[in-house]
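Chemist: Below you will find the structure I want to go over with you.
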Amino acid sequence: MADHRFFVNDTGSSRRPVDLTTAVVGLLVVLVSTVAAADGDGPLDTAVRRVAAHVPDWVTNLFDAAYALGALYAGVAVVLALASSRHRKRLPVTLVVAAATGVVGVLVTSFLVGAGWPDLAPGPVRSASPDSFPTVRVAATTAVLFALRPWLVLAYRRLTALIVAVQCIAAWIIGTGGPTDVIGALGIGMAAAGIALVLIGSPAGHPDLAQVRRSLADLDVPVDGLRFDERQTWGTRVLHGTSAASGGRVVVKVYGRDATDAHRAERWWRSLVYRDQSAPDSTRLQLVEHEALVTLLAGRAGVAVPGLVAAAEANGDALLVLHEPPASLAGATDIDDATLRAIWAAVGRLHGAALVHGRLILDRIGIDADGSPVLSDFAEGRVAATDNERAREVAILLIALAVRVGADRSTDAALAELGADRVAAALPYLQRAVLPREVRPEPGVKETIPAVCAAIADRTGVPVPPPAPLVRVSWRDLAQTTLILVAAYALLSTLIGLDWQTVLDTWQSAEWGWIILGLVIAQATSVVDAISTMSAVTSRLPLWPMVQLQYGIKTLGLAVSASVGRLALNTSILRRYGEGPAVAVTAVALDAAAASLCNVLVVLLGLLLVDRVPSVELSGPDDLSQLVLILVVAVGLSVLVVALVPKLRQKVLGAVRSTRDSMRVVTASPARALLMFGTNLASLLITAIALACMVAGLAPGVSYGECVFVVGAAALFSALVPVPGNVGVGEAALTAGLVAVGVPSGPAFAIAVTQRIATSYLPPIYGGWALRWLRKNDYID
């Protein structure tokens, strides 16, 4: 009974991307909460302690019972799982691995915050403290229930998520732990379950052959000789068979219980990477309906498509049954001119109806008996397609065909059926970076792209977009950077009376585990910085190349101004996606403005929350506060000069108007503006976490909130001095900020140097490889 009412059938092992995502998110949550717990009580925990102290007793008793029942539910679920282990042999192993990983996570985090062995039954602490971090029962319950969740039927999967949420709230209400304790335990449980499911595998979320046969019979579409296709994707099962009722071979696409997870993951990924959605958040039945709708609309537009046999839901699975399309052109060695023109004619009809296929490659094109092309698999199709989407699809098909038949024949056929304007519109998208993963590795692609560009330019008279200029690093630039570095540190040592011996002495007594952790965390800023750049433009940009771009910018930033290097690289990569240099200038300006706004708000908030503005007292011949005063006076004089000199004033006003115009990119989309601001804020917070790790390893005593203030203030100060890579200036600013919050000048200087090594001097080493990777894959020139 437990087999059918609680658990799904074990139809095979599957390592689902959602399990890996759960593990990664859990590890990030653990990392952040561990740093917060090491700092002691924060504002959130203090506020929770005050609220929890006034919760009525009856509410506390209610959640105390819920806390116990949640643990009981987990225990009963484990017993049932063990009872059915004969049919699910991997399930007990998965639970053991999850539990063991959770125990290790609890021990490691407890020792990291200085609590030693964790307390299995802590008293009513009502706030975060080393004695209650992490909340052991929450970690254990979450690890077991999340590892068990893929094996449960839908109703119990939802109940499991609800119970974990109630456990977290109850742990706070009854006083077992504060927000930091509970969140840290939740992260440990998620990470433990995700790691176990990735290592052991979870039940494949798709039906077996017998279940598919039953579903087809319920739809009155019996299929004989049913077999799975050799190529399968996560969430969707493709089968082939013969149906007497439909008159021949059919393809059956089954969207099982993993289909919604797969679609949601793709939707979130596309929202993150491209800021668009292939379809709204959908159920498995809606996914079937979407593909059926696009297929029918394409057929109505005069495009030959597989006939639709059935689209419905049966036995909990959504099924789409289509007539089997002809063999694809993927293996064709030669395609005649008549077929080429027929393919482009079909594309023209499709685009004329404001539709796009979404992934129009040779795998999705077949030729029927009378020589007409048949387009299939419209799962990624779009209705109400934009001009950019159609131009991108033309570019992809041009290259896919040119690899097989040559650039001239592919271009001539497209021009004959689509016209010069629509083919020329694809020029900006004729880049290797735009091609789907199935086409990109094919031999000859890199040589075919310029040949197609030249063929289009020769026949239409439209010039190929010129490559964007890219500032390259020379030995002269490196020598100049070295001289600046030496001079900057000489000036810094003179100002604060320090030398490198101070840094070496501090490093000798350092806890290097914290420093290495800070180094790793600091690299996460490249991801959020990439997303911030992507949010400043309307084109769809891939995430991974944009991350590599951030490292390339760091490398160029050591030789030239960071803004110049960023502009050159952004211009080069944006040209691949049909955008001109003006868009790159706008993107850099918007990104910089958002970063400055974040820094200003953080500094102002920090000053408002402290009782008094901290003073800076440094030893040495000159006080650093005098340097700050001089800098403020210099800024004031600059403003006065701009106001009094007409030509200079005109240039400044022109720059202000240009910035105002560029802001229209984000004002037209509040979501884009929020994403840009949020990612810059996230970058600042991640940098502050890295600094907190450096402080914990070299001179403990500074809270995370103070680290956020120091990072924001240092970024504002460094932005005022345009030195390549902020060499010397960044160290001075960080040192001054750390001294201001109570760190002695010697350790402050060592922390600043260590932080700069992690954020500014080691990443450019990888950045050189990143630039080569971007050039090799044709993202930049």
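The values are calculated or read from the model by the stated rules, or taken from the named source; none is laboratory data. Small disclaimer: the values here were computed from a predicted structure and weren't measured. Virtual Cβ from ideal backbone geometry, glycine too; neighbours counted across all protein chains shown.
Per-residue answers, yes or no, for (1) polar (S, T, N, Q); (2) touching a helix residue (DSSP H, G or I) at 6+ places or on another chain (Cβ under 9 Å); (3) crowded, with 22+ Cβ neighbours inside 10 Å:
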{"residue": "V503", "(1), (2), (3)": "no, yes, no"}
{"residue": "Q508", "(1), (2), (3)": "yes, no, no"}
{"residue": "W512", "(1), (2), (3)": "no, yes, no"}
{"residue": "I516", "(1), (2), (3)": "no, yes, no"}
{"residue": "S526", "(1), (2), (3)": "yes, yes, yes"}
{"residue": "D529", "(1), (2), (3)": "no, yes, yes"}
{"residue": "S539", "(1), (2), (3)": "yes, yes, no"}
{"residue": "V547", "(1), (2), (3)": "no, yes, no"}
{"residue": "G552", "(1), (2), (3)": "no, yes, yes"}
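Chemist: Against the definition (part of a helix (DSSP H, G or I), under 36 Å from the mean Cα position of the chain (by Cα) and either modelled with pLDDT under 70 or over 16 Å from I188 (Cα atoms) (or both)), how does V51 come out, yes or no?
Modeler: On the way: part of a helix (DSSP H, G or I): yes; under 36 Å from the mean Cα position of the chain (by Cα): yes; either modelled with pLDDT under 70 or over 16 Å from I188 (Cα atoms) (or both): yes.
Criteria met by V51.
Chemist: What is the number of the single condition among (1) surrounded by 16 or more Cβ atoms within 10 Å (Cβ to Cβ); (2) free of Cβ contacts under 8 Å to residues at least 40 places away in the same chain that I361 does not meet?
Modeler: (2)
Chemist: Tally up the residues in the stretch 97-156 that are in contact with a Gly (Cβ under 8 Å, 6 or more places away or on another chain), at pLDDT 70 or above and at positive phi, please.
Modeler: Number satisfying all stated conditions: 0.
Chemist: Separate question: Check the stretch 562-569 and report whether any residue there is within 29 Å of A391 (Cα to Cα), over 15 Å from the mean Cα position of the chain (by Cα), part of a helix (DSSP H, G or I) and at pLDDT 75 or above. Steps first, please.
Modeler: Here is the first cut: in the stretch 562-569, the ones within 29 Å of A391 (Cα to Cα) are 566-569.
Within this subset, residues satisfying the condition of being over 15 Å from the mean Cα position of the chain (by Cα) are 566-569.
Within this subset, residues satisfying the condition of being part of a helix (DSSP H, G or I) are 566-569.
If we keep only those that are at pLDDT 75 or above too, we end up with 569.
Yes, that holds for at least one residue.
Chemist: Which one of these does A385 not meet: (1) without any contact (Cβ under 8 Å) to a residue 40 or more places away in the chain; (2) assigned to a helix (DSSP H, G or I); (3) among the hydrophobic types (A, V, I, L, M, F, W, C); (4) surrounded by fewer than 22 Cβ atoms within 10 Å (Cβ to Cβ)?
Modeler: Status for A385: all satisfied but (2).
Chemist: Going residue by residue through the stretch 343-350, is there one that turns out to be of a type in the set (V, I, T) and surrounded by fewer than 22 Cβ atoms within 10 Å (Cβ to Cβ)?
Modeler: Looking for residues that are of a type in the set (V, I, T) and surrounded by fewer than 22 Cβ atoms within 10 Å (Cβ to Cβ), one finds none in the stretch 343-350, hence no.
Chemist: So, one more: Can you name the number of the only condition in (1) in a helix (DSSP H, G or I); (2) in contact (Cβ under 8 Å) with a residue 24 or more places away in the chain that P326 fails?
Modeler: (1)
Chemist: Only one of P428, P465, P450, P469 is modelled with pLDDT of 75 or more, over 27 Å from R349 (Cβ atoms) and either under 35 Å from the mean Cα position of the chain (by Cα) or in a loop (DSSP other than H, G, I, E, B) (or both). Can you tell me which? Let's see the steps before the verdict.
Modeler: Numbers: P428 fails: over 27 Å from R349 (Cβ atoms); P465 fails: modelled with pLDDT of 75 or more; P469 fails: modelled with pLDDT of 75 or more.
P450 is the lone residue from the list that is modelled with pLDDT of 75 or more, over 27 Å from R349 (Cβ atoms) and either under 35 Å from the mean Cα position of the chain (by Cα) or in a loop (DSSP other than H, G, I, E, B) (or both).
Chemist: Hey, among the residues in the stretch 366-403 that are of a type in the set (D, E) and in contact with a strand residue (DSSP E or B) (Cβ under 8 Å, 6 or more places away or on another chain), which one's farthest from P428 (Cα to Cα)? Working first, answer last.
Modeler: Of the stretch 366-403, the ones of a type in the set (D, E) are 368, 370, 377, 380, 387, 389, 393.
Restricting the remaining residues to those that are in contact with a strand residue (DSSP E or B) (Cβ under 8 Å, 6 or more places away or on another chain) gives 368, 389, 393.
Working: D368: 33, E389: 12, E393: 12 Å.
In this case the residue turns out to be D368.
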